[in-house]
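Below you'll find the structure, written out as C-alpha cells, and then a few comments.
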Amino acid sequence: MPRVSVILPVHNGAAHLTQSIDSILDQTYSDLELIILDDASTDASPDLLSRISDPRVSVRRNER
C-alpha cells in the first residue's frame, strides 16, 4: 500500500493532462499512487488516460 495517494480530477483537461500526470509521477518521493477521476470528459482526455501504463496510476471515469 502506497504511503501517499494523489487524486487528480479532470474534466476536458487534455491540453494540460499529460504535463500534470508527468509532474506528479516525476516527484522524488516515489511511494505514491495516482488516482485520476475523469468526470465525463468529451475531449481527448479519455484517449490520453487509456495510454497510461504506469502501475502507480489508476483511472476511474464517470460516464455522465
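Ranked by the mean number of other Cβ atoms within 10 Å of their residues, highest first, the peptides 35-45, 54-64, 2-12 come out as 35-45, 2-12, 54-64.
Taking the chain as the reference, fit the longest principal axis to its C-alpha atoms, fit the long axis of helix 14-25 to the helix C-alpha atoms, and give the angle between the two in degrees, 0 to 90, nearest 10. With both axes taken from Cα atoms, the answer is about 10 degrees. Relative contact order of the chain: 40 percent, from C-alpha pairs under 8 Å at least 6 residues apart in sequence. When nucleic acids and ligands are ignored and a 1.4 Å probe is applied, SER50 ends up with an accessible area of around 90 Å². Take the Cβ atoms of ASP43 and ARG3, set R0 to 35 Å, and the FRET efficiency comes out at 0.60. Since only HIS11, LEU48, ILE35 are under comparison, the one whose Cα sits farthest along the positive direction of the charge dipole of the chain, derived from C-beta charges on Lys, Arg, Asp and Glu, is ILE35.
Dipole magnitude for the chain: about 160 debye, using +1 per Lys or Arg Cβ and -1 per Asp or Glu Cβ, origin at the Cα centre.
Dividing the Cα radius of gyration of the chain by its Kirkwood radius returns 0.96 for Rg/Rh.
The values are calculated or read from the model by the stated rules, or taken from the named source; none is laboratory data. Bear in mind that the values here come from a model prediction, so they are computed numbers and not experimental data. Backbone-built Cβ (ideal geometry, glycine too); neighbour counts: all protein chains shown. Quick note on the areas: whole protein, heavy atoms, side chains included, nothing else; ligands and nucleic acids left out. Shrake-Rupley method; radii C 1.70, N 1.55, O 1.52, S 1.80 Å.
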